[in-house]
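First comes the structure, then the notes that go with it.
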Amino acid sequence: MNQLGSIPRVLTALLQKEREFCTFVRATHWGDGPLYVVGSKASFPACLTGVAAFESLLGLPAMARVEADFLAYSLDALRPRTLVFVIPPVEEAEGMVGAARALRAKGARLLTMVGGVENPLASVADGAVPLPEGTETQSSVSSAVARHASMVYLALVAARILNPPQEERRRAEEEFEKLPEEAERTLSQSSDALRVLREEIENARRVVVAGGGRFLPVALEAARELEKATGIEAVAQDVARASPRGLPAEGRAIVLSCSRCRVREQVQRWAAQASKSGGVVLSLTDAADRGLRESSRAVLLLPVLGEAAASILQLAVAGALAWPAGRKRLKAPPK
């Protein structure tokens with residue numbers, strides 16, 4: 001579990017950069033949107049997390065784009081003072097460096113993140129958010145957690161500085177500050193529940209990871225990590241846009257949610273339909289989410305948190321499901 005043990009440290013290191021995040025927020029002219037959040041195929045789920053965080057916490061309209069699509073279709077549509085936030089890893093870095101001239105010609109501004117690995121956009125960007133040192137050299141799960149958590153934390157800090165005080169925002173920030181402790185406790189004390197879920201996954205031929213709203217980006221990351229680690233076909237599904245397809249007897253559905261999820265009804269309906277069709281439903285949620293628990297064969301119960309903190313914690317748990325299962329499968333002797 002050494003790789004997963006780095007996740008609480010990554011979250012702690014992120015919180016220690018509060019002053020740098022505050023400086024970045026105050027130095028950035030945010031305008032009235034839209035904010036473009038641009039990423040590669042690997043970092044696109046974090047772009048979706050950023051969009052949800054900025055729209056819900058700051059009230060700033062935002063759109064997520066894959067780099068290649070942004071370069072091909074969105075440059076001409078930019079308005080003056082538009083912010084373009086690029087999240088590494090950067091597949092089209094040279095193209096984005098070249099696009100900086102076009103951005104400036106339109107009065108738009110380029111923002112990015114910088115960590116332990118050099119980001120070629122940093123030298124031409126109008127501003128850069130610091131990632132925890134060594135983020136890109138950690139396991140892929142730790143790197144993903146750092147990207148998602150950085151976008152949420154940036155939106156929380158921006159909302160604190162730019163918006164009037166709100167009880168909901170204050171509570172979300174307090175929950176976020178407890179994430180290192182919650183992640184360490186969950187990963188160390190949930191071994192029995194994690195083992196049950198891993199055994200279900202290891203016996204599957206196909207896994208559907210389902211989530212909606214703030215949990216869809218986590219579902220995308222989790223499906224990718226599971227498939228990469230285990231070789232099992234794993235796909236993500238948005239519960240708000242698709243009905244569950246019939247799962248074969250060898251299939252499993254992992255449903256991600258929490259009792260304070262804004263699309264909880266759609267999540268519970270999706271899980272209930274999947275269960276009635278004969279599918280095996282596994283879920284990550286909290287004890288207050290009774291509807292989802294009733295549709296699930298096995299549940300890993302997490303602390304009751306809001307969407308911002310719960311989604312990051314579930315990404316860490318998804319890594320705990322993928323990584324040991326992958327090690328076991330790789331070590332198994334050939335049949």
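Results, tabulated for the structure shown:
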item	result
Failed item, numbered, when Glu307 is tested on (1) of a type outside the set (Val, Ile, Thr); (2) farther than 27 Å from Gly5 by Cα; (3) under 18 Å from the mean Cα position of the chain (by Cα); (4) crowded, with 21+ Cβ neighbours inside 10 Å	(2)
Region 90-124: number of residues that are in a loop (DSSP other than H, G, I, E, B) and among the hydrophobic types (A, V, I, L, M, F, W, C)	6
Residues that are buried (at least 22 other Cβ atoms within 10 Å of the Cβ) and more than 22 Å from the chain's Cα centre (by Cα), drawn from region 255-278	Ala274
Which numbered condition Arg252 fails, given (1) at pLDDT 95 or above; (2) under 22 Å from the mean Cα position of the chain (by Cα)	(1)
Residue list for region 42-70, filter: within 19 Å of Ile161 (Cβ to Cβ) and under 10 Å from the mean Cα position of the chain (by Cα)	Gly50
Single match in Arg297, Arg269 (criterion: charged (D, E, K, R) and without any contact (Cβ under 8 Å) to a residue 60 or more places away in the chain)	Arg269
Ala64 being of a type in the set (Gly, Ala, Ser), free of Cβ contacts under 8 Å to residues at least 40 places away in the same chain and assigned to a strand (DSSP E or B)	yes
Selection within region 179-219 - in contact with a Pro (Cβ under 8 Å, 6 or more places away or on another chain), more than 23 Å from Val10 (Cβ to Cβ) and β-branched (Val, Ile, Thr)	Val208
Residues that are at pLDDT below 90, within 17 Å of Leu313 (Cα to Cα) and of a type in the set (A, V, I, L, M, F, W, C), drawn from region 106-162	Val141
Helices (runs of 4 or more DSSP H) lying entirely in region 125-241 (those with 3 or more residues that are of a type in the set (A, V, I, L, M), surrounded by 24 or more Cβ atoms within 10 Å (Cβ to Cβ) and in the same structural domain as Arg260 (by TED's automatic domain parsing))	216-230
Filter result (without any contact (Cβ under 8 Å) to a residue 40 or more places away in the chain and more than 19 Å from the chain's Cα centre (by Cα)) within region 191-225	Ser191, Asp192, Arg195, Glu199
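The values are calculated or read from the model by the stated rules, or taken from the named source; none is laboratory data. Bear in mind the structure is a predicted one, so any value in this text is a computation, not a measurement. Here Cβ is always computed from backbone atoms with ideal geometry, including for glycine, and neighbour counts include all displayed protein chains.
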